[in-house]
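Enquirer: Can you keep this structure in mind? I'll have questions shortly.
The values are calculated or read from the model by the stated rules, or taken from the named source; none is laboratory data. Values in this document were obtained by computation on a predicted structure and should not be read as measured data. Here Cβ is always computed from backbone atoms with ideal geometry, including for glycine, and neighbour counts include all displayed protein chains.
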Amino acid sequence: MEVHAHTHTARKKWTHYFWEFVMLFLAVFCGFLAEYKLEHTIEHQREIKFAKLLYEDFKKDTALIDNVMRVKTWRTRKLDSLFYFLSLPDLQSNASAIYYYGHFVTLNYQFAPNDATIQQLSSSGSLRYFRNLELYNAITTYYSNCGWNKKAEEANKINISQIIAKMFQGEQFYSLVSNATDIRGLIRYPSRNVPFQLLTTDKSILNEFLVQAKQSNFNDYGIMNILGVLRTQVGKLIDEIKNEYHLK
């Protein structure tokens, strides 16, 4: 009868298991660090991408705000002329001027920010990419103030078509409108060869027209103040983004 000898495997020391654990831990930890580094790099690249897009939006906003403020200042001068002619005793002798300047009561130019980038950032939650808290707050404050400007412009919308219909002969009134692309060239001054006449000089109708015009002019002063604040804010944002991300 054969007897088989049993082989015995040498028992591993505890240090062997310890180093196995250390190696496994390091492998997992290094994988975590690599993944974190990759995610951090991707987020930083997205931050730079969105910063460049906002930078371009802000430069466009700057030019647009400047232009809107120029147009509103120009409109204010036109309305001042309207108020002057409406104050004269013989309105019919100055009907041509009143026809011309009367257009500027409803003619207005509004600022609307280039907000495609901020809309994308807000809807996707990507504003979190901006780690500079001061810059983040400046961006959100600027667009919040843009919202106040929009509300102010909406409050400044007036509908005086019924008053216009009572004061002006429609065909003559709208014959002064041109197809110019620049708003400042949209209304032409009446020809001296064409006689213009107001349909009425009723004081109550004229007073209603005057009140609406003055209210719109007054509202524009408030809007100009908001635009001045926005112009300062967007100028600082351009400088901050330019310095933060080394843009040209």
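Enquirer: Specify the residue that is nearest to Tyr100 (Cα to Cα); the eligible residues are those in the stretch 169-185 that are in contact with a helix residue (DSSP H, G or I) (Cβ under 8 Å, 6 or more places away or on another chain) and outside any helix (DSSP H, G or I).
Expert: The extreme case among them is Leu176.
Enquirer: Something else: Is it true that Ser161 is under 15 Å from Ala95 (Cα atoms) and under 36 Å from the mean Cα position of the chain (by Cα)?
Expert: no
Enquirer: So Val177 passes all but one of these: (1) farther than 30 Å from Glu240 by Cα; (2) surrounded by 15 or more Cβ atoms within 10 Å (Cβ to Cβ); (3) touching a residue at least 24 places away in the same chain (Cβ under 8 Å). Which condition number does it fail?
Expert: Against the list (1) farther than 30 Å from Glu240 by Cα; (2) surrounded by 15 or more Cβ atoms within 10 Å (Cβ to Cβ); (3) touching a residue at least 24 places away in the same chain (Cβ under 8 Å), Val177 comes up short only on (2).
Enquirer: Let me ask another. Looking for whichever is touching a Phe, Trp or Tyr at 6+ places or on another chain (Cβ under 7 Å), in a loop (DSSP other than H, G, I, E, B), among the hydrophobic types (A, V, I, L, M, F, W, C) and at pLDDT 95 or above here; the options are Leu227, Leu237, Leu199, Leu247. Which one fits?
Expert: Leu199
Enquirer: Could you tell me whether Lys166 is part of a helix (DSSP H, G or I), surrounded by 13 or more Cβ atoms within 10 Å (Cβ to Cβ) and in contact with a helix residue (DSSP H, G or I) (Cβ under 9 Å, 6 or more places away or on another chain)?
Expert: Considered against the rule, which asks whether it is part of a helix (DSSP H, G or I), surrounded by 13 or more Cβ atoms within 10 Å (Cβ to Cβ) and in contact with a helix residue (DSSP H, G or I) (Cβ under 9 Å, 6 or more places away or on another chain), Lys166 comes out as yes.
Enquirer: Another question, if that's okay. Quick one: is Gly102 part of a helix (DSSP H, G or I) and crowded, with 17+ Cβ neighbours inside 10 Å?
Expert: Here the answer is yes, as Gly102 does meet what is asked.
Enquirer: If a residue must be among the polar types (S, T, N, Q) and either within 19 Å of Gln215 (Cβ to Cβ) or not in a helix (DSSP H, G or I) (or both), how many such residues does the stretch 138-163 contain?
Expert: 5
Enquirer: Give me the pairs, please: first residue somewhere in the stretch 65-84 and without any contact (Cβ under 8 Å) to a residue 40 or more places away in the chain, second residue anywhere and in a helix (DSSP H, G or I) and loosely packed, with under 15 Cβ neighbours inside 10 Å, beta-carbon distance under 9 Å, and either six or more positions apart or on two chains.
Expert: Arg70/Arg184
Conditions tested, residue by residue: (1) within 17 Å of Ile205 (Cβ to Cβ); (2) surrounded by 13 or more Cβ atoms within 10 Å (Cβ to Cβ); (3) in contact with a helix residue (DSSP H, G or I) (Cβ under 8 Å, 6 or more places away or on another chain); (4) among the polar types (S, T, N, Q).
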site: Lys52; (1), (2), (3), (4): no, yes, no, no
site: Thr62; (1), (2), (3), (4): no, yes, yes, yes
site: Ser81; (1), (2), (3), (4): no, yes, yes, yes
site: Ser96; (1), (2), (3), (4): no, yes, no, yes
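Enquirer: Among the numbered conditions (1) surrounded by 11 or more Cβ atoms within 10 Å (Cβ to Cβ); (2) within 20 Å of the chain's Cα centre (by Cα), tell me where Glu154 comes up short.
Expert: Unmet condition: (1).
Enquirer: Still on this structure: So, in the stretch 182-213, exactly how many residues are more than 33 Å from the chain's Cα centre (by Cα) and among the hydrophobic types (A, V, I, L, M, F, W, C)?
Expert: 6
Enquirer: From the set of residues in the stretch 64-79 that are under 14 Å from Asn217 (Cα atoms) and of a type in the set (Val, Ile, Thr), which is surrounded by the most Cβ atoms within 10 Å (Cβ to Cβ)?
Expert: Ranking the candidates gives Val71 first.
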